[in-house]
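Single-structure report; data block below.
Since every read-out is calculated from the coordinates, none of them should be taken as a lab result. All figures in this text were calculated on a predicted structure; none of them were measured in a lab. A quick note on method: Cβ atoms are made from the backbone with ideal geometry, for glycine too, and the neighbour counts reach across all protein chains shown.
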Amino acid sequence: TNFAPRSYLESITTGAEHKSAFLPDEVGHMHDVKLVILYSTAAAVLMLILAFISSATLRERAPGVIRRSLFTGAWLTVGILGVLAAVGIFSWDWLFTTFHQVFFPQGNWEFSIRSSLIRLYPPQFWIDAAIAVAVLVAAQITLLLVTTWPTKYRKLKAERRRQERQELRVKLASARVGDN
């Protein structure tokens with residue numbers, strides 16, 4: 001996630017003969033990984049800003065809709081996570097290959113078992129990383145479900161706010177008619 005140029009990895013050497021630690025294809029792949037992460041981070045930040053703006057306008061116009069949307073989105077995420085977990089468990093190689101074909105279509109992601117990247121990040125590392133991400137997402141989803149669960153109190157509160165907004169609209173409309 002740093003902004004170091006390609007030359008950063010190209011200049012890393014190993015051993016007494018100062019042999020380059022990474023092959024040109026490995027450096028190219030890591031540069032592509034950096035771009036995917038930077039673009040993904042920028043897209044996530046943009047979506048977060050849009051979500052806050054949308055939430056600010058929706059809160060007053062449609063009480064309760066944010067909570068219901070988060071609740072629904074949490075359940076959709078549970079479904080997606082379940083599908084990905086099943087595919088990962090039963091066909092990890094296909095999932096890994098498909099992921100790389102989608103995000104790195106130029107094909108510079110297949111390396112020899114002796115390459116530095118494979119030695120630094122062996123297949124078990126990626127399985128463990130996927131499990132860790134799934135556990136973190138599951139924890140966040142659990143928290144979101146608990147905090148947005150449609151309780152009777154929340155439903156009544158949202159209905160009361162809707163009624164208050166409707167009464168305010170009626171008062172404003174009658175005030176406008178009275179002014180004319």
Seminar exercise, completed: Restricted to the range 89-126 and to residues being over 23 Å from the mean Cα position of the chain (by Cα) and part of a helix (DSSP H, G or I), the residue surrounded by the fewest Cβ atoms within 10 Å (Cβ to Cβ) is F90
Problem set entry | Boolean, S54 is farther than 30 Å from R169 by Cβ, part of a helix (DSSP H, G or I) and polar (S, T, N, Q) | no
For this session: Return the only residue of Y39, Y8 being surrounded by 10 or more Cβ atoms within 10 Å (Cβ to Cβ) and farther than 19 Å from S116 by Cα.
Result: Y39
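Quick one: which of A129, A86, A158, A139 is assigned to a helix (DSSP H, G or I), of a type in the set (G, A, S) and in contact (Cβ under 8 Å) with a residue 12 or more places away in the chain? Can you show your working first?
Values: A129 fails: in contact (Cβ under 8 Å) with a residue 12 or more places away in the chain; A86 fails: in contact (Cβ under 8 Å) with a residue 12 or more places away in the chain; A139 fails: in contact (Cβ under 8 Å) with a residue 12 or more places away in the chain.
Being assigned to a helix (DSSP H, G or I), of a type in the set (G, A, S) and in contact (Cβ under 8 Å) with a residue 12 or more places away in the chain holds for just one of A129, A86, A158, A139, which is A158.
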Seminar exercise, completed: Given the conditions (1) loosely packed, with under 14 Cβ neighbours inside 10 Å; (2) under 30 Å from R59 (Cα atoms), every one holds for A74 apart from (1)
For this session: Give me a count of the residues in the range 52-71 that are within 19 Å of the chain's Cα centre (by Cα) and hydrophobic (A, V, I, L, M, F, W, C).
Result: 5
